[in-house]
Amino acid sequence: MSDPQLSPERATLSLPLTHWAQPCEQDALGALEQGKVLLLPALGFALQAQELALLTPALVDPKRKNISYNAQSGRLRGLASGDNAAAVSALLARYHRDCLQLVANLFPAWHQRLHTPVNTLRLHPVNAWRAASTWRKDDSRLHVDAFPSRPNHGQRILRIFTNINPHGESRQWRIGEPFPRLVQRFLPRLKGYSPWICRLQRQLGITRGLRSHYDHLMLQLHDAMKADGDYQQHGPQLALELPAGSSWICFSDQTPHAAMAGQYLLEQTFLLAVADMQQADNAPLRVLENHLGKALV
Ligand code: SIN
Ligand code: FE
């Protein structure tokens, strides 16, 4: 569907950075808070010669989607065997350090505020998900991110991605409409919140911490979007081609996104408190609260 708010000019901002510690003149922070995807077409992440051998889906534990690394604890998860643990940890630690330099330059106001870093090495081709996933886990359907077992009570999910495909294959994404319009469309269909069920889920260890009304709505929104075949096909959307050797950044709790094709990706997640935003009215928490006329955490 053609949509003026979803032109590349309105939905993205391209920044000409060529290295991870480069200062930037443009208002990257403002654009990101508005829900734009920041495109960094010339910012690649160089792999060392021996690291290229790590680019194979065989490295991933068959029970997991990706390999993940927590730079604070040093915990690495999702490898099929221990053989490559040191090499993969070193690669993900280096990517985390580069991402820290990037955020220090692009978002100085947030540099000390971004927290809970976790990154992933994504080795499977995107089309492997469709065959293997239920609709709820299928990230080739437009969705906003929400964590089922880790409620975050409104904190922002900032994600940096880098396409490290060694054969020059782009990652293909679709992105969707601005968050306030998404809420207008889906809010009437979302089911009510039951605090006692959420308390029970916490007691049973199904969630780490209490799933708040906000977390409940974001999960419902994620599911309602993915379950709606007509919205997936005909809803407002813009295709993005994300070339090998490029990076991009978005608030994945705000910007509807879907990965359609590609293989070999690095991704770095940080969380950010709503109070640490410059324009907190853009936060999904505030947009939902304004619609409902009440506090959600
Ligand atoms: C997602 O975050 O939904 C998938 C992004 C990707 O792997 O390209
Ligand atoms: Fe996602």
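The values are calculated or read from the model by the stated rules, or taken from the named source; none is laboratory data. Every value quoted in this text rests on a predicted model; they were computed, and no experiment measured them. Positions of Cβ are backbone-derived with ideal geometry, glycine not excepted, and every protein chain shown enters the neighbour counts. With ligands, DNA and RNA removed, areas are computed over all heavy atoms of the protein, side chains included. Shrake-Rupley method; radii C 1.70, N 1.55, O 1.52, S 1.80 Å.
What to note about this one:
- Here A85 fulfils each of the conditions (1) surrounded by fewer than 17 Cβ atoms within 10 Å (Cβ to Cβ); (2) within 30 Å of D281 (Cα to Cα); (3) in contact with a strand residue (DSSP E or B) (Cβ under 8 Å, 6 or more places away or on another chain) apart from (2).
- Here L142 clears all of (1) within 16 Å of ligand 2 (Cβ to nearest atom); (2) touching a helix residue (DSSP H, G or I) at 6+ places or on another chain (Cβ under 6 Å); (3) open to solvent by 40 Å² or more (accessible area, probe 1.4 Å); (4) closer than 30 Å to R181 by Cβ except the condition numbered (3).
- Any hit, segment 52-61, residues being open to solvent by less than 80 Å² (accessible area, probe 1.4 Å) and touching a Lys or Arg at 6+ places or on another chain (Cβ under 6 Å): no
- Check on A258, in contact (Cβ under 8 Å) with a residue 40 or more places away in the chain and either within 18 Å of the chain's Cα centre (by Cα) or farther than 22 Å from K137 by Cβ (or both): yes
- Flag if L219 is within 16 Å of ligand 1 (Cβ to nearest atom), within 22 Å of R185 (Cβ to Cβ) and not in a strand (DSSP E or B): yes
- Where Q203 falls short, out of the listed (1) buried (at least 16 other Cβ atoms within 10 Å of the Cβ); (2) modelled with pLDDT under 95: (1)
- Taking strands (runs of 3 or more DSSP E) as the structural unit, those lying wholly within segment 72-179 and holding at least 2 residues that are away from ligand 1 (no atom under 16 Å from the Cβ) correspond to 75-77, 115-122.
- Residue check for G35: at positive phi and either surrounded by 13 or more Cβ atoms within 10 Å (Cβ to Cβ) or not in a loop (DSSP other than H, G, I, E, B) (or both): yes
- When residues of segment 235-293 are limited to those that are within 16 Å of ligand 2 (Cβ to nearest atom) and hydroxyl-bearing (S, T, Y), the one surrounded by the fewest Cβ atoms within 10 Å (Cβ to Cβ): T269
- Filter pass, Y69 being aromatic (F, W, Y) and under 23 Å from G168 (Cβ atoms): no
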